[in-house]
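Take a look at the structure below.
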Amino acid sequence: MALLPLVIAPDERLKTPSQPIDTIDDSIRALAADMFDTMYHERGIGLAAVQVGVLKRMLVADVTWRDDGTPGTQYVMINPQIVSKDANLRRYKEGCLSFPDQFADVTRPDAVRVRYLDLDGKQQEETFDDLLGTCIQHEIDHLDGIVFVDHVSTLKRDMILRKLKKQKKLGYFEPHVHGPDCNHGHDDHDHDHAHEHEHVHGEHCNH
């Protein structure tokens with residue numbers, strides 16, 4: 001298992017739809033394990049494969065892991081598809097590991113039903129709501145080439161992207177050395193996951 005470098009916006013890969021996975025083999029299982037390691041290290045609660053530069057339709061999520069690194073309930077979703085959405089809406093303050101230190105209020109369906117393959121190739125279908133539902137919607141967006149700032153005003157989106165573009169030009173993120181001071185989409189002082197995503201997201205307040 002290994003820590004994988006994050007794709008930081010703006011980057012065309014984040015705007016590119018990912019390709020379906022045809023075969024679930026050891027390389028896919030290893031990628032999922034590495035994605036979990038990277039997500040926990042960066043203190044996120046969700047991660048799409050494209051965020052580590054792999055344009056495959058897979059995401060991992062765990063909104064209940066503990067600060068000491070103990071995993072909670074882990075989800076690996078391969079070729080996920082939203083089959084229905086709740087009519088009720090919920091707004092969360094979302095962040096994203098690919099948008100370090102940037103946050104915005106995003107409104108999404110309160111619950112979604114998702115069909116996906118697990119790592120054994122078995123089809124699963126479940127309904128997800130609250131924080132986990134928001135997290136999974138955020139990550140499925142990534143697989144479709146959509147990022148959370150696409151859900152906010154053009155003015156705010158452009159402001160965030162300009163800031164990140166300037167930071168990238170100044171070398172803020174590359175080369176990036178992972179360490180205890182990393183802050184990719186999370187606030188170390190806010191442990192109420194209920195309101196912020198991909199860091200968002202319970203004790204660890206992503207995508």
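Could you figure out which of (1) open to solvent by 10 Å² or more (accessible area, probe 1.4 Å); (2) in contact with a helix residue (DSSP H, G or I) (Cβ under 8 Å, 6 or more places away or on another chain); (3) closer than 18 Å to L143 by Cβ isn't true of V106?
Result: V106 fails condition (1) only.
List every residue pair whose Cβ atoms sit under 8 Å apart, with the two residues 6 or more apart in sequence or on different chains, where the first one lies in the stretch 99-113 and is under 27 Å from K165 (Cα atoms) and of a type in the set (D, E) and the second, anywhere, is in a strand (DSSP E or B) and open to solvent by 50 Å² or more (accessible area, probe 1.4 Å).
Qualifying pairs under 8 Å: D105/R91; D105/K93.
Given L14, L59, L47, which one is over 11 Å from the mean Cα position of the chain (by Cα) and open to solvent by less than 40 Å² (accessible area, probe 1.4 Å)? Break it down stepwise before answering.
Details: L59 fails: over 11 Å from the mean Cα position of the chain (by Cα); L47 fails: over 11 Å from the mean Cα position of the chain (by Cα).
On inspection, the qualifying residue turns out to be L14.
If you check I82 against the conditions, is it open to solvent by less than 10 Å² (accessible area, probe 1.4 Å), touching a strand residue (DSSP E or B) at 6+ places or on another chain (Cβ under 7 Å) and β-branched (V, I, T)?
Numbers: open to solvent by less than 10 Å² (accessible area, probe 1.4 Å): no; touching a strand residue (DSSP E or B) at 6+ places or on another chain (Cβ under 7 Å): yes; β-branched (V, I, T): yes.
When the stated conditions are applied, I82 does not pass them.
Of the residues that sit in the stretch 144-158 and are surrounded by 15 or more Cβ atoms within 10 Å (Cβ to Cβ) and not in a loop (DSSP other than H, G, I, E, B), which one is nearest to the chain's Cα centre (by Cα)?
Filtering the stretch 144-158 for residues that are surrounded by 15 or more Cβ atoms within 10 Å (Cβ to Cβ) and not in a loop (DSSP other than H, G, I, E, B), the one nearest to the chain's Cα centre (by Cα) comes out as F148.
The values are calculated or read from the model by the stated rules, or taken from the named source; none is laboratory data. Please read all numbers here as calculations on a predicted model, not as lab measurements. Counting neighbours? That spans all protein chains shown, and the Cβs are built from the backbone with ideal geometry, glycine included. Keep in mind that these areas ignore ligands, DNA and RNA; they rest on the heavy atoms of the full protein, side chains included. Shrake-Rupley method; radii C 1.70, N 1.55, O 1.52, S 1.80 Å.
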